[in-house]
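The values are calculated or read from the model by the stated rules, or taken from the named source; none is laboratory data. Predicted model only: the values in this text are computed from it and were never measured. Methodologically, a virtual Cβ is constructed for each residue, glycine included, from the backbone with ideal geometry; neighbour enumeration extends over all protein chains shown. Each accessible area value is taken on the protein alone, full model and side chains, heavy atoms only, with ligands, DNA and RNA left out. Shrake-Rupley method; radii C 1.70, N 1.55, O 1.52, S 1.80 Å.
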Amino acid sequence: MGADRMIKAIVLDANAFGASVEPNVATIENWAAACENHDAQLWIPEIVAWELAQRVKHQADEMAHSLAVHNTKRHKWGFPPLSKPALLTEVEVIDRLERAGAIIVPLTGDAAVAGVRDQVLLLGPAVRKKDVKTGAADSAWIRSVIEHNGGGTEDLILVTGDQQAVEKTCAALEVDLPRIAKNLGEIQHLLNESSSATAEQTEKYQKLAQQYFAGPDLTGSDLIDLLGLSRREWWDVDLGLDYGTGWELQQKHVTPGTLDVISEVQFDNWSGSTSATVRMTVAVEEQYARQDQWGDLPEFRVFCYDGWVEGRLTIFADTDSGVGTLEDYRLGVEDGSLTSQPM
């Protein structure tokens, strides 16, 4: 039986879009189109859609606030203010997800009640964290998907980084575990329709991969956004150093370098996407400070090294721009590149 006849729907959890939990509409459009080509659907549970919409609204509100502060300075400098962007609502964001091709799986009363019950009674995926019970949302969205699918999990692929929640909820419902991909890049392994890309597909992939990383204009902030990291998490690698008592990180600067495709490019016939392992080099500078041994004067030290970001980059073959997803990435340091000196 072909992979296309074995799939009714691909279901996206919020973390399918990375740690930032912000929707990528181009990704939704591409996967929704791939599903439609195989008589399948792309589902986003209503609870997940709420979370995605809340993250978008929060980011949009923060940007609007930053612009208001900037306009205050522009007035002080004698320049006219920049136009204020229209504020986004959660309803508008969810509507955009639907227009991109996603089917919003409704949250029924039964699923909602069962999710709350699981949290209160610490059943299914519910857990206690520092005397706070959590898990209602996870239980409810998984239950809503199973209910929407007629009470079973057959012909579903769930894209989620929380496999344990799915396992516990399915066990509580006494249904079989669906196929699970921890990110979108893993779906192709479940579809089993990948092969080596042709020379033409490989050439196009290499071109689009460069565009995805914004070419020579890429900044450290851009790279943070591509990886879906928060500013607090960036850059976090173990240098294996003993900084000494009292050293505290003050600033961190990451400058992107070159991009290389370091594995064979694969073409997935089911989704129409190409993927390979790519590596982006970076130059990193970390600045540390501490009080001297008498506690009178601050001491400063800077560490510099060459690092890299490596991950699996998936790009849809029909696109003409570098729209893709970078997953399973890891950070590293080039051996022998570390230097340090007082500031």
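Remarks
- Boolean, residue 237 is modelled with pLDDT under 90, surrounded by fewer than 19 Cβ atoms within 10 Å (Cβ to Cβ) and touching a Leu at 6+ places or on another chain (Cβ under 6 Å): yes
- Test set (1) loosely packed, with under 15 Cβ neighbours inside 10 Å; (2) modelled with pLDDT of 75 or more - residue 191 fails condition number: (1)
- The range 27-82, residues that are of a type in the set (Gly, Ala, Ser) and open to solvent by less than 50 Å² (accessible area, probe 1.4 Å): 32, 33, 34, 40, 49, 53, 60, 64, 68
- Filter result (at pLDDT below 90 and either under 22 Å from residue 144 (Cβ atoms) or among the aromatic types (Phe, Trp, Tyr) (or both)) within the range 3-14: none
Every residue, every condition in (1) at pLDDT below 90; (2) under 23 Å from residue 106 (Cβ atoms), yes or no:
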site: 17; (1), (2): yes, yes
site: 21; (1), (2): yes, yes
site: 31; (1), (2): no, yes
site: 34; (1), (2): no, no
site: 40; (1), (2): no, yes
site: 51; (1), (2): no, yes
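- Residue check for residue 288: open to solvent by 30 Å² or more (accessible area, probe 1.4 Å), modelled with pLDDT under 90 and more than 21 Å from the chain's Cα centre (by Cα): no
- Note on the range 324-343: among residues that are surrounded by fewer than 18 Cβ atoms within 10 Å (Cβ to Cβ) and under 21 Å from the mean Cα position of the chain (by Cα), the one that is modelled with the lowest pLDDT is 328.
- The range 270-285, residues that are surrounded by fewer than 17 Cβ atoms within 10 Å (Cβ to Cβ) and within 11 Å of residue 201 (Cβ to Cβ): 272
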